Amino acid sequence: MTVHRGPREWDAVRYDAQPLPHERWGRGVLAALPLAGDERVLDLGAGTGRDTEALLERLPTGHVVAVDGSAAMLAQLRDRLAGVGPQRLTVLRADLTEPLVLDRPVDAVFSVATLHWLPDHAAVFRSVAGVLRPGGLLRAEWGGAGQLAGIESALDRLGLPRIGQTCNFATAERTAELLCVAGFTDVDVTLTPDPVRLAPGGELEAYLGTVVLGAVLDGLPAERHRSVVDAVVARLPEPTVEYVRLKAAARRMAD
Ligand SMILES: C[S@@+](CC[C@H](N)C(=O)[O-])C[C@H]1O[C@@H](n2cnc3c(N)ncnc32)[C@H](O)[C@@H]1O
């Protein structure tokens, strides 16, 4: 079967209906970002715009640039933020595996649950440094080394590709090194297990099918999706998604 690379499409409506730990992760990243209220902030991998909306609330006279590669996610974001004008919000569809081009630099970069989707972190951090003003802050979280161990082992036993074949689950040490090489300073990266328990018999299956196994299911015919999700669930010792999260804080070096 083929392993998908580059931005994939998401079922954005189903995504927003899930019990997303991303909401908690987003609140954590936002709390770690000091803002005066008039800055221009990039939401990298903005998805359906949940955190873009929260960022706009923290930026009464500022601006958010929301970037994502999925048309469906951005359609949901546009619906959510329909009342927000272009002086406050820019929505951009772009493939983040390519260098990002913005018409002017941003004061801060914010990102939740996105960077593991991008295989070449050296290139991504260079790209982020390229759109961030000197002295500007990066605050991000995403999946790191060891993430989804139980699900990866279930996929192995089913002869299916690991999620780690599509996603880059990096270590804290390597991430910190690459941020420094890309021109960041005051780099602080942590890696923390954050297992999320879900209710089996519906909630877990819907969550895995929509959020976790999407890239694996993309390579399979639609009629197999349900049985593959059920087979993975049957092989999990606990109804738990074993998240391991990287959290990064860094500042772009002054020129
Ligand atoms: C798990 S979602 C997180 C979305 C949002 N930040 C949240 O917390 O709900 C990952 C997001 O990364 C985006 N993404 C993944 N790979 C991408 C790529 N190569 N280019 C642009 N966006 C990408 C997806 O479209 C998706 O919206």
Can you give the charge dipole size of region 144-214 about its Cα centre, rounded to the nearest 20 debye, using +1 on the beta carbon of Lys and Arg and -1 on the beta carbon of Asp and Glu?
260
Can you classify region 79-132 as rounded, prolate or oblate using the Cα gyration tensor, where a ≥ b ≥ c are the square roots of its eigenvalues, rounded means a/c under 1.5, and otherwise it's prolate if a/b beats b/c and oblate if not?
prolate
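In deg cm²/dmol, rounded to 500, what helix-only [θ] at 222 nm does the chain give when every DSSP H run of at least 4 residues adds -39500 (n - 2.57) and the total is split over its residues? Intermediate results must be reported in sequence, preceding the final value.
Values: 10 runs with 87 residues, N = 255.
Value at 222 nm, helices only, nearest 500: -9500 deg cm²/dmol.
Mind sorting Glu39, Glu223, Glu177 by how few other Cβ atoms lie within 10 Å of their own Cβ, fewest first? Walk me through the intermediate numbers first.
Values: Glu39 21, Glu223 7, Glu177 16.
In increasing order of surrounding Cβ atoms, one gets Glu223, Glu177, Glu39.
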Rounded, prolate or oblate, given the Cα gyration tensor of the chain, with a/c below 1.5 counting as rounded?
prolate
For the modelled label position 7 Å from the Cα of Thr185 along Cα-to-Cβ, which residues of region 7-45 have backbone nitrogen atoms closer than 13 Å?
none
Return Phe125, Phe110 ranked ascending by Cβ neighbour count within 10 Å, so the fewest neighbours appear first.
Phe125, Phe110
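So what's the net charge close to Val13: Lys and Arg +1, Asp and Glu -1, counting the other residues with Cβ under 14 Å from its Cβ? Before the final figure, lay out the partial values.
On the way: positive: Arg14, Arg50, Arg78, Arg80; negative: Glu9, Asp11, Asp16, Asp79.
Value of the local net charge: 0.
Please say if region 149-246 is rounded, prolate or oblate, where rounded means a/c under 1.5 for a ≥ b ≥ c the square roots of the C-alpha gyration tensor eigenvalues, and otherwise the choice is prolate for a/b larger than b/c and oblate otherwise? Show your work: numbers first, answer last.
Working: a/c = 2.79, a/b = 1.96, b/c = 1.42.
It is prolate, given that a/c is not under 1.5 and a/b is the larger ratio.
Quick check for me: using +1 on Lys/Arg Cβ and -1 on Asp/Glu Cβ, what's the dipole size of region 114-234 about its Cα centre, in debye to the nearest 20? It would help to have the intermediate numbers written out before the result.
Values: 9 positive and 14 negative charges, 35 e Å.
Result for region 114-234 is approximately 160 debye, rounded to the nearest 20.
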To make sure I understand, if each residue's beta carbon is the centre and we count other beta carbons within 10 Å, what order do Val106, Val228, Val13, Val64 fall in, fewest to most?
Val13, Val228, Val106, Val64
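With +1 on the Cβ of every Lys and Arg and -1 on the Cβ of every Asp and Glu, and nothing else charged, how large is the dipole of the chain about its Cα centre, in debye rounded to the nearest 20? Don't skip to the answer; put the middle values down first.
Numbers: 27 positive and 33 negative charges, 25 e Å.
About 120 debye.
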Find how many whole Å separate the alpha carbon centroid of region 40-118 from the alpha carbon centroid of region 166-204.
20
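Taken together, the values in this text are just the output of simple stated rules run on the coordinates, not laboratory data. Since the model is a prediction, treat every value here as computed from it, not as a measurement. So basically every Cβ, Gly included, is an ideal-geometry build from the backbone, and we count neighbours across all protein chains shown.
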